[in-house]
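Here is the structure we will look at, set down as structure tokens.
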Amino acid sequence: MRTTVGIIGAGPAGLLLARLLHNAGIDSVVLESRDRAYVERRQRAGILEQGTADVLRAAGAGERMDREGLRHDGIELRFDRTRHRVDFPGLTGGRSVMVYAQTEVCKDLIALQLREGGPLLFEAEALAVEDAGTDAPRIRFRHEGREDVLECSYVVGCDGFWGVARKAIPAGLTQVFERTYPFGWLGILADVPPSHDELVYARHDRGFALLSMRSPAVSRLYLQVADGTDPGAWDDEEIWDELERRFETDDDWYLQRGPITQKTVTPMRSYVHEPMRHGRLFLAGDAAHIVPPTGAKGLNLAAGDVVTFARALIHRQETGSPELLDAYSRTCLRRVWQAERFSYDMTTLLHRAPGATAFEDRLQLARLERIASSRAAETDLAEAYTGFPFGPAGE
Ligand code: RFL
Ligand code: PHB
């Protein structure tokens, strides 16, 4: 088998890349180790930056998103029993975000790829990327019980944090920057209308809580829990009781309860692998970097990477110049580090670390008060939350 771009992984990064390349007349093959149902059900991100939504639209994958997605013009910060709304368009010159689940983005892109695009093989596990540093990289993979090789002009590792692509870059050429946090998120899906029409990020002495949603009928909520917590250790009423405590306010706001249909625990990590390219192997999305979910940036960074790669390859095909491909890692990392910074700030602003001192608690409240009372501080948050533009030079 031979293709121009071998793509490992059919998460949002791999699927969007295949679509962008197809639209530019560049052929690709996508290898995905899981089955289709699994990829379409995996609960993860919920927030698309305006730039991500625009890219999906321009790629012809925005129709259902525009019909069913919910445009959000702000978020609420809740602390010390008070509520503060951050108005995105007012602070950013009109920008907003879209609530449209990653599962739905993936379903839309999979349907398009199977109907119009190149091969997308499920249950096809990449075993290794070989000859990554040469002009003829190859992906060794297993599909339907047998091993095969995909010969490529370029390989893009979109295979997430646990994938194999990153391992093909010699360790001596790489640097890893990492931080793990001593807590995780217990996430639930519940069949109940969201108790607020925008997301609520709550800082509480008992820990962080987040109210989000999947649709007008389905709530998505998160609780900060101790690292390594077993989701089964929390029964449903305990979860609602704890959410209620952390969202408490002095007004008459209340949290509506409903049947919980899913419970999972996610660890929190910041991670960056540099560089994001070795020869003709490029890393994109979670394969190269992880952010804690507090800033809602992971999927959006994945989209930024593959847009950067697609533009660079198209530029190469059209002009013969490898200039943008050569700049890929540098271009992506500028945006990645801004997202790392913002996600770290949001995480440390809102979570209570085990053993936090009273001094640190007061500092968190002072940081929140500052956002609530200074247009400059609030604008900084709104600009980062709605997203940094996807330009080729990161501007
Ligand atoms: P993915 O989605 O992990 O996809 C990688 C794919 O590669 C496949 N794979 C392989 N295929 C073939 N051969 C192999 N050897 C393979 N190894 C792996 C996997 O099966 C998988 O299908 O990575 P991608 O595409 O880079 O996308 C990244 C996003 O999924 C991730 O950053 C976001 O979900 C993070 N995230 C959020 N991001 C946002 O932008 N906004 C949010 O609101 C947001 N909320 C979240 C989140 C992540 C969360 N969790 C569970 C980590 C909330 C949570 C709780
Ligand atoms: C979600 O809806 O899953 C979600 C929203 C915002 C975040 C993280 C997750 O910051």
Of the residues in segment 55-96 that are buried (at least 17 other Cβ atoms within 10 Å of the Cβ) and in a helix (DSSP H, G or I), the one that is farthest from ligand 1 (Cβ to nearest atom) is Leu91
Qualifying residue in segment 249-271 (condition: crowded, with 23+ Cβ neighbours inside 10 Å, among the β-branched types (Val, Ile, Thr) and either within 24 Å of the chain's Cα centre (by Cα) or in a strand (DSSP E or B) (or both)) = no
Mind checking which pairs have a first residue in segment 258-272 that is within 30 Å of Ala288 (Cα to Cα) and a second that is of a type in the set (A, V, I, L, M, F, W, C) and in a strand (DSSP E or B), Cβ under 6 Å, 6 or more apart or different chains?
-> Gln262/Leu189; Lys263/Ile188; Val265/Leu186; Thr266/Trp185; Arg269/Ile290; Tyr271/Ile290; Val272/Phe177
Here are some residues: Ala339, Ala353, Ala303, Ala376. Which one is surrounded by fewer than 23 Cβ atoms within 10 Å (Cβ to Cβ) and part of a helix (DSSP H, G or I)?
-> Ala376
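Counting only residues that are part of a strand (DSSP E or B) and of a type in the set (A, V, I, L, M), which one in segment 272-281 is farthest from Gln338 (Cα to Cα)? Break it down into steps so the answer makes sense when it comes.
The first filter runs over segment 272-281 and keeps only residues part of a strand (DSSP E or B), leaving 272-274, 277-278, 281.
Those still in the list that are of a type in the set (A, V, I, L, M) too: 272, 281.
Details: Val272: 12, Leu281: 24 Å.
Result: Leu281.
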Within segment 287-322, residues in contact (Cβ under 8 Å) with a residue 12 or more places away in the chain and basic (Lys, Arg) come out as Lys297, Arg311
Yes or no: Val39 under 27 Å from Val129 (Cβ atoms), away from ligand 1 (no atom under 11 Å from the Cβ) and touching a residue at least 12 places away in the same chain (Cβ under 8 Å)?
-> no
Exactly one condition in (1) under 22 Å from the mean Cα position of the chain (by Cα); (2) under 20 Å from Ala45 (Cβ atoms) is not met by Glu274; state its number.
-> (2)
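Output the number of residues of segment 157-172 satisfying the condition of being assigned to a helix (DSSP H, G or I) and either of a type outside the set (A, V, I, L, M) or closer than 18 Å to Tyr328 by Cβ (or both). Explain how you work it out, then say what you get.
First, the residues of segment 157-172 that are assigned to a helix (DSSP H, G or I): 165-168, 171-172.
Narrowing further to those that are either of a type outside the set (A, V, I, L, M) or closer than 18 Å to Tyr328 by Cβ (or both): 165-168, 172.
The total comes to 5.
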Quick one: count up the residues across segment 99-136 that are within 16 Å of ligand 2 (Cβ to nearest atom) and either touching a Lys or Arg at 6+ places or on another chain (Cβ under 6 Å) or assigned to a loop (DSSP other than H, G, I, E, B) (or both).
-> 3
Out of all the residues in segment 314-324, which are in contact with a His (Cβ under 8 Å, 6 or more places away or on another chain) and in a helix (DSSP H, G or I)?
-> Glu323, Leu324
When residues of segment 17-36 are limited to those that are more than 13 Å from ligand 1 (Cβ to nearest atom) and in a loop (DSSP other than H, G, I, E, B), the one nearest to Ala126 (Cα to Cα) | Asp27
Verdict on Arg334 being in contact with a helix residue (DSSP H, G or I) (Cβ under 9 Å, 6 or more places away or on another chain), not in a strand (DSSP E or B) and not hydrophobic (A, V, I, L, M, F, W, C) | no
In segment 31-58, how many residues are in contact with a helix residue (DSSP H, G or I) (Cβ under 9 Å, 6 or more places away or on another chain), more than 15 Å from Asn300 (Cβ to Cβ) and not basic (Lys, Arg)?
-> 6
Condition broken by Leu199, with the remaining ones in (1) without any contact (Cβ under 8 Å) to a residue 40 or more places away in the chain; (2) crowded, with 20+ Cβ neighbours inside 10 Å satisfied = (1)
Failed condition for Ile47, given (1) within 16 Å of ligand 2 (Cβ to nearest atom); (2) loosely packed, with under 15 Cβ neighbours inside 10 Å = (2)
So, of the residues in segment 223-241 that are within 16 Å of ligand 1 (Cβ to nearest atom) and touching a residue at least 40 places away in the same chain (Cβ under 8 Å), which turns out to be surrounded by the most Cβ atoms within 10 Å (Cβ to Cβ)?
-> Gln224
Those residues of segment 148-190 which are surrounded by fewer than 16 Cβ atoms within 10 Å (Cβ to Cβ), among the charged types (D, E, K, R) and either on the phi > 0 side of the Ramachandran plot or within 13 Å of ligand 1 (Cβ to nearest atom) (or both) amount to Asp148, Lys167
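Of the residues Ala13, Ala45, only one is of a type in the set (Gly, Ala, Ser), assigned to a loop (DSSP other than H, G, I, E, B), within 16 Å of ligand 1 (Cβ to nearest atom) and within 17 Å of the chain's Cα centre (by Cα); which? Steps first, answer last, please.
Values: Ala13 fails: assigned to a loop (DSSP other than H, G, I, E, B).
Within the list Ala13, Ala45, the selection yields Ala45.
Taken together, the values in this text are just the output of simple stated rules run on the coordinates, not laboratory data. Since this is a predicted model, take the numbers as computed values, not measurements. In this analysis, Cβ positions are derived from the backbone assuming ideal geometry, glycine residues included, and neighbour counts consider all displayed protein chains.
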